[in-house]
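Student: Handing you a structure now.
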Amino acid sequence: MLRDGSRSVDARVDVVVVGAGQAGLSSGYFLRRAGFEPGAGFVVLDRGDGPGGAWRERWRSLTLGEVHGIYGLPGMELGGADPARPAAEVVAGYFGRYEREFGLDVRRPVAVGAVREADDGLLAVETSRGRWLARALINATGTWTRPFWPHYPGRESFRGRQLHTADYRGAEEFAGRRVVVVGGGTSALGLLLELAGVAETTWVTRRPPVFEEGPFTPEWGRAAVARVDERVRAGLPPGSVVSATGLVDTPRLRAARERGVLDRLPMFDRITPDGVAWDDGRRVAADAILWCTGFRPAVDHLAPLRLREPGGGIRVDGTRAVADPRIHLVGYGPSASTIGANRAGRAAVREIRALLESRRPLPATA
């Protein structure tokens, strides 16, 4: 709870936004445009120590020029950044300027533990810095904090290092090592190519990768978004982007294929103390296993609201949780892209404003 003189009180707002990445900041921008004021009208809560969202965690070797599809936040373009600079550094600086320019008053570091029902139809947002009572909530937590680690027999016996994409910081620490890269997505390919320059790499995937002839067209993107949207409307977990789009073949990938870097192996059957093994007798020795196996939506704090469907996902219509019109998920499913998050932020605020205007005013602060 928050302190008010000698009393502990709940902070009351119209809307709580959880997360200050692209989705959260765009939502804050549209809330301000809709007449909600920071502090009394809405608050943005962020678990990070500073601006940048998940971009703060990206590996230093990932330069801005290597990132595909960074779309500017509404009202202020990224503009003129050096493509050779680390993407984490550039985007964190950009997000920080954006927060100041539009006075979004992001509270950090604030970890949201749970969202529950409260009295008077309000939502209780329980955090490491007290409790907020809100009439509506925009969840913009993304996926970075929920890396997916598949289970394979023998994983606990491996004597080398195991890490996820979220833990990767650069290829230098793997120089001269034997690294098994697991996963068929764009991150797996990018890290595989980077590691192949300094280490002995082995690439394994569950399914044969499908390389599509580029370029990536708007029609292709819209078709992929439509497939993900169909899943979330059915209450299923959002599928991966790669499962909907395939991998775009590029000159860099073709050159890597000629060098044998993309000689992919099927998924191993078990992990041994010194590597990985298949039931047909094949074995590969390894010093490290890099799991580029994706992420899951960070929505566990919403569990007390019982939004999940039997299929395992949250049924969403646009951005609105079908089970509770007070809850909007931005950056979830079809809006899990920079341009998609911007559009979803606008749509969520439009619906929230209509919902709140149809109901009684927010009770006065205690």
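Taken together, the values in this text are just the output of simple stated rules run on the coordinates, not laboratory data. Because the structure is predicted, anything quoted here is derived from the model rather than measured. We place every Cβ from the backbone using ideal geometry, glycine too, and count neighbours over all the protein chains shown.
Student: Treat the count of other C-beta atoms within 10 Å as a stand-in for reagent exposure and order T202, T319, T145 from fewest to most.
Tutor: Numbers: T202 21, T319 31, T145 18.
Fewest-to-most ranking of T202, T319, T145: T145, T202, T319.
Student: I need the phi-derived Karplus couplings for region 30-37: 6.51 cos²θ - 1.76 cosθ + 1.60, θ = phi - 60°, integer Hz, Gly and Pro marked x.
Tutor: Going residue by residue, I get 6, 5, 5, 5, 7, x, 7, 9 Hz, with x marking Gly and Pro.
Student: If you don't mind, there's one more thing I want to ask. Please give the contour-minus-distance gain from R259 to A323: 0.36 nm per residue of separation, less the Cα-Cα distance, rounded to one decimal in nm. Could the numbers behind the result be given before it?
Tutor: Numbers: separation 64, 0.36 × 64 = 23.04 nm, distance 5.16 nm.
Computed gain between R259 and A323 is 17.9 nm.
Student: With only Lys, Arg, Asp and Glu charged, each at its Cβ (+1 for the first two, -1 for the last two), find how big the charge dipole of region 244-302 is about the Cα centre; round to the nearest 20 debye. Intermediate values should be presented prior to the final figure.
Tutor: Values: 9 positive and 9 negative charges, 53 e Å.
The dipole of region 244-302 has a size of about 260 debye.
Student: To the nearest 20 Debye, how big is the dipole of the chain about its Cα centre, given +1 on the beta carbon of each Lys and Arg and -1 on that of each Asp and Glu? Working shown, then result.
Tutor: Working: 51 positive and 43 negative charges, 104 e Å.
Taking the Cα centre of the chain as origin, the dipole is about 500 debye.
Student: While we're on this one: Dipole of the chain (Lys/Arg Cβ +1, Asp/Glu Cβ -1, origin at the Cα centre): which of A256, G197, A54 lies farthest to the positive side?
Tutor: A54
Student: Among H151, A88, G311, pick out the residue whose Cα is farthest towards the positive end of the charge dipole of the chain, where Lys and Arg carry +1 and Asp and Glu carry -1 on C-beta, about the Cα centre.
Tutor: Toward the positive end, the furthest listed residue is G311.
Student: Give me the dipole magnitude in Debye, nearest 20, for region 66-177 about the Cα centre, with unit charges on the beta carbon: positive for Lys and Arg, negative for Asp and Glu.
Tutor: Computed about the Cα centre, the dipole is about 380 debye.
Student: Output ³J(HN,Hα) for region 248-256: one whole-Hz value per residue in order, computed from phi by the Karplus curve 6.51 cos²θ - 1.76 cosθ + 1.60 with θ = phi - 60°, and x for Gly and Pro.
Tutor: 7, 6, 9, x, 5, 5, 5, 5, 5
Student: For labels at D280 and R129 in the simple 7 Å Cα→Cβ model, what's the distance in nm?
Tutor: Here the answer is 5.5 nm between the modelled labels.
Student: List F295, F148, F174 from most exposed to least, where exposure is judged by having the fewest other Cβ atoms within 10 Å.
Tutor: On the way: F295 19, F148 15, F174 22.
Starting with the residue having the fewest Cβ neighbours, the order is F148, F295, F174.
Student: What is the sum of charges around G65, taking Lys and Arg as +1, Asp and Glu as -1, for the other residues whose C-beta is under 10 Å from the C-beta of G65? Numbers along the way, then the final one.
Tutor: Working: positive: R85; negative: E66, D82.
With Lys, Arg at +1 and Asp, Glu at -1, the net is -1.
Student: Extension gain D167-V198, at 0.36 nm per residue separation less the Cα-Cα distance, in nm?
Tutor: On the way: separation 31, 0.36 × 31 = 11.16 nm, distance 1.83 nm.
Here the segment from D167 to V198 would lengthen by 9.3 nm.
Student: While we're looking at this one, here's another question. If the elastic network links every pair of Cα atoms under 10 Å, which of T250, T205, T141 fluctuates the most in the Gaussian network model of the chain?
Tutor: Judging by the Gaussian network model, the answer is T250.
Student: Using Cβ contacts closer than 10 Å as the measure, can you line up D317, D287, D279 from fewest to most? Intermediate values should be presented prior to the final figure.
Tutor: On the way: D317 12, D287 18, D279 8.
With the sparsest Cβ surroundings first, the list reads D279, D317, D287.
Student: Answer with one residue from A286, A298, T272: the one whose Cα lies farthest towards the positive end of the charge dipole of region 263-308, charges on Cβ with Lys, Arg +1 and Asp, Glu -1.
Tutor: Sorting the options by dipole projection puts first A298.
Student: What are the radius of gyration and Dmax of the chain, computed over its Cα atoms and given in Å?
Tutor: According to the Cα coordinates of the chain, Rg and Dmax are 22.1, 71 Å.
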